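Step one of this worksheet: look at the structure below.
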């Protein structure tokens with residue numbers, strides 16, 4: 001590839017990422033090693049023209065950090081938001097934690113990840129383990145979402161009611177896809193409007209038919225781009241597999257996120273850039289790619305104003 005061609009592609013990636021959102025990023029501080037912290041990443045994403053980022057830690061809500069960054073760094077183009085994951089450290093299905101998260105401006109609540117019963121089963125057959133679990137924390141205890149009869153538990157329903165009332169997004173986390181169907185159906189019955197199916201390509205046991213069906217019920221399907229791109233230590237899929245995943249849900253229901261920030265691999269920004277380049281290689285046009293890295297996440301998490309602010313500033 002010639003230098004001129006390479007420069008043209010890099011400039012094209014630059015343009016596509018203006019107004020982008022990374023809704024699933026593992027910046028620090030964290031009990032697990034992180035290569036970049038929330039403020040550093042917000043500064044890096046601001047230089048690249050991102051509209052927003054949503055931090056995700058398996059053990060805490062980052063809403064307080066997000067509030068401090070917003071107050072003391074008004075110059076940043078990238079707005080920082082946070083998610084809450086219902087693992088052991090926050091008390092599992094803890095309605096107090098969910099209400100606090102919402103009151104402080106949280107955008108997403110994840111069903112359990114490292115404490116999901118499905119994750120704990122998967123972990124036994126994989127080479128992965130939480131980097132801190134044996135040195136700083138006791139091993140995860142299961143946080144179930146279904147009762148002994150295979151029905152959504154009452155404590156989960158209580159959390160769903162809070163999510164519905166506060167109009168946050170519900171993400172599936174690492175629960176099994178069979179559980180996701182039941183939880184999402186119950187969430188919709190209880191008035192939850194924003195649903196996000198987390199990385200169907202890994203851990204959760206989803207088929208492309210699951211992706212099609214869950215997207216058809218109105219959920220967004222979020223792909224961890226780190227699982228598809230060269231240079232990522234988390235690559236578990238072939239690059240061409242991303243097309244099958246996108247086509248199953250449709251461009252209009254697909255969100256691309258970095259799921260990066262860990263040590264020993266590429267940065268979140270580089271991951272997003274390589275993800276865009278992969279989509280170009282797969283034949284998607286610039287508007288379709290921008291939809292998957294910006295507009296769909298804006299709809300999913302209510303961040304349309306953040307994207308409009310950045311795009312309007314770029315037009316003047």
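FYI, it's all coordinate maths here, none of it is from the lab. The structure presented is a predicted model; accordingly, all values stated were derived computationally and were not measured. Glycine also receives a Cβ, built like all others from the backbone with ideal geometry; neighbour counts cover every protein chain displayed.
Counting other Cβ atoms within 10 Å as a rough exposure proxy, the listed residues 108, 18 run 18, 108 from fewest neighbours to most.
How large is the Kirkwood hydrodynamic radius of the chain, counting all unique pairs of alpha carbons, in Å?
One decimal place: 19.5 Å for the Kirkwood radius.
Remark: the residue 312-residue 148 segment gains 53.8 nm on full extension, using 0.36 nm per residue and subtracting the alpha carbon distance.
For the range 207-233, the residues whose amide N sits under 13 Å from a probe point set 7 Å from the Cα of residue 282 along the beta carbon direction are 221-230.
Placing a label point 7 Å from the Cα of residue 239 along the Cα-to-Cβ direction, the residues of the range 246-290 whose backbone N falls under 13 Å of that point are 274-284. Grab the DSSP H runs of the chain that are 4 residues or longer, score each as -39,500 (n - 2.57), total them, divide by all residues and round the 222 nm result to the nearest 500 deg cm²/dmol. The helix-only estimate for the chain comes to -12500 deg cm²/dmol at 222 nm. Using a simple spin-label model with pseudo-atoms 7 Å out from Cα toward Cβ, residue 73 and residue 270 lie 2.0 nm apart.
At an R0 of 35 angstrom, the distance between the Cβ atoms of residue 263 and residue 185 translates into a FRET efficiency of 0.35. Taken along the Cα-to-beta-carbon direction at a fixed 7 Å, the label points for residue 137 and residue 207 span 3.4 nm.
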